[in-house]
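Shown next, in C-alpha cells, is the structure this report addresses.
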Amino acid sequence: MKKIKYGSEVDKMPNVAFRIMALIFIIRNFFKPMDRCIDKFGIEKGSVVIDYGCGPGMHINRASGLVGNEGLVYAVDIHELAIKSVKKLITKQKLCNVKTLQTDGNKVEISDNTADLIYALDMFHMVKDYKSFLAELNRIGKCDCTLILEDGHQPRNKSKEKVEKSGCWEIEKEHKKYMICKPGRNVERSEIPPLREWKGGITNNT
Ligand SMILES: C[S@@+](CC[C@H](N)C(=O)[O-])C[C@H]1O[C@@H](n2cnc3c(N)ncnc32)[C@H](O)[C@@H]1O
C-alpha cells in the first residue's frame, strides 16, 4: 500500500497547511496536552534550550518554565507564521526568557556553542538538506550538547541513516519516538561541511 508522505522534505509548508496543522494541534492539545513530553528530556534550570522547528509553539511555555528565569529558550522555525504565533504566546504569557528566530532552512542567527540542549520534534522528516541541518545544529550546540531528535513521519531506520551519514552527531540512546544524540566525537568542528551562504532571512528577536 502506498504510504502518505506527511510533508516530507518540504521545509516550508504552504500557509494554509500551517494554519490547519496549528488548529489540529490546538484540538489535540485540549484532549492530550502535548507539552509534558519535554519533561523527560532533562532540561535544567538556567540552561539554554533550542526548540528547532517550534511550529505554533506547543512546547514553548513548558520549556520556558523548565529553564526558569536564568535560562533561555530559542524558538526557531522556517515559517513566519510559526514565529508570529510564538511571538503572540510570548506577549500573552509574558515569557521573558524566550526568543524567536526565523531560519532560512540552512542557517540560524545563533552563535557557535550556545545550546545545552536542542530538541527537534515532529519536523526532521520535513528537512530537505539534512546534512546542512545537522551541521548547523552541531555548530550552535555546546561540545556536550544533547540533541533530542524525533523521527517525525519517517521510519527510524531512515532518521538513523541520515544522522550517521551526517557525521555530526552520534546516537547515544533510542526511545520509541526519538533519539538522544551527542556531538560526533571524531568530527572537528572545522570539518563540518560549509553551509550555504546565509540569505539574510528575517530575524525575529523578541
Ligand atoms: C509538524 S510541525 C511540528 C511543530 C513542533 N515541533 C511540535 O512538535 O509541535 C513542523 C515544524 O517544523 C518547521 N520546519 C520544517 N522544516 C524546517 C527547517 N528546515 N528548519 C526549521 N523549521 C522547519 C515547520 O515550519 C513546522 O512549523
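Each value in this text was obtained by applying a stated rule to the coordinates, not by laboratory testing. Keep in mind that what you see is a predicted model, and the values were worked out from it rather than measured. Here Cβ is always computed from backbone atoms with ideal geometry, including for glycine, and neighbour counts include all displayed protein chains.
Comparing N106, G7, L23 along the charge dipole axis of the chain, the residue lying farthest to the positive side is L23, per the Cβ-charge model.
By the count of other C-beta atoms within 10 Å, a proxy for reagent exposure, T100, T114 are ordered fewest to most as T114, T100. With both labels modelled 7 Å from their Cα along Cα-to-Cβ, the N29 to K131 distance reads 3.7 nm. Farthest towards the positive end of the charge dipole of segment 1-152, among the residues Q93, V49, G141, is the Cα of Q93, using unit charges on the Cβ of Lys, Arg, Asp and Glu. Between N15 and K94, the contour length at 0.36 nm per residue exceeds the alpha carbon distance by 25.8 nm.
Taking only the C-alpha atoms of the chain, the Rg (one decimal) and the largest Cα-Cα distance, Dmax (whole number), read 16.0, 51 Å.
Approximating the spin labels as points 7 Å out from Cα along Cα→Cβ, the K182-to-E164 distance works out to 1.9 nm. Put in line by how crowded their Cβ is, counting other Cβ atoms within 10 Å and starting with the fewest, K131, K99 read K131, K99.
The alpha carbons of segment 76-190 give a radius of gyration and a Dmax of 14.5, 44 Å, in that order. The fewest-to-most ranking of D51, D11 by surrounding Cβ atoms within 10 Å reads D11, D51. Label-to-label distance, K45 versus E174, with points set 7 angstrom from Cα along the beta-carbon direction: 3.6 nm. Rounded to the nearest 0.05, the FRET efficiency derived from the C-beta distance between S111 and N69 at R0 = 35 Å is 0.95. Membrane-span-like helices in the chain, defined purely by DSSP H runs whose alpha carbon atoms cover 18 Å or more axially and whose average Kyte-Doolittle hydropathy reaches -1.0, are 15-31, 80-93.
The relative contact order of the chain comes to 19 percent, based on Cα pairs under 8 Å that sit 6 or more residues apart. Across segment 99-115, rounded Karplus estimates of 3J(HN,Hα) from the backbone phi angles (6.51 cos²θ - 1.76 cosθ + 1.60, θ = phi - 60°) give 10, 9, 9, 9, 9, 8, x, 10, 9, 10, 7, 10, 5, 4, 6, 9, 8 Hz, Gly and Pro being marked x.
Per-residue ellipticity at 222 nm, computed for the chain from helices alone with -39500 (n - 2.57) per DSSP H run of at least four residues, works out to -9000 deg cm²/dmol.
Annotation for segment 13-50: trypsin sites (Lys or Arg not before Pro) lying in DSSP loop with at most 12 further Cβ atoms inside 10 Å of their Cβ are K45.
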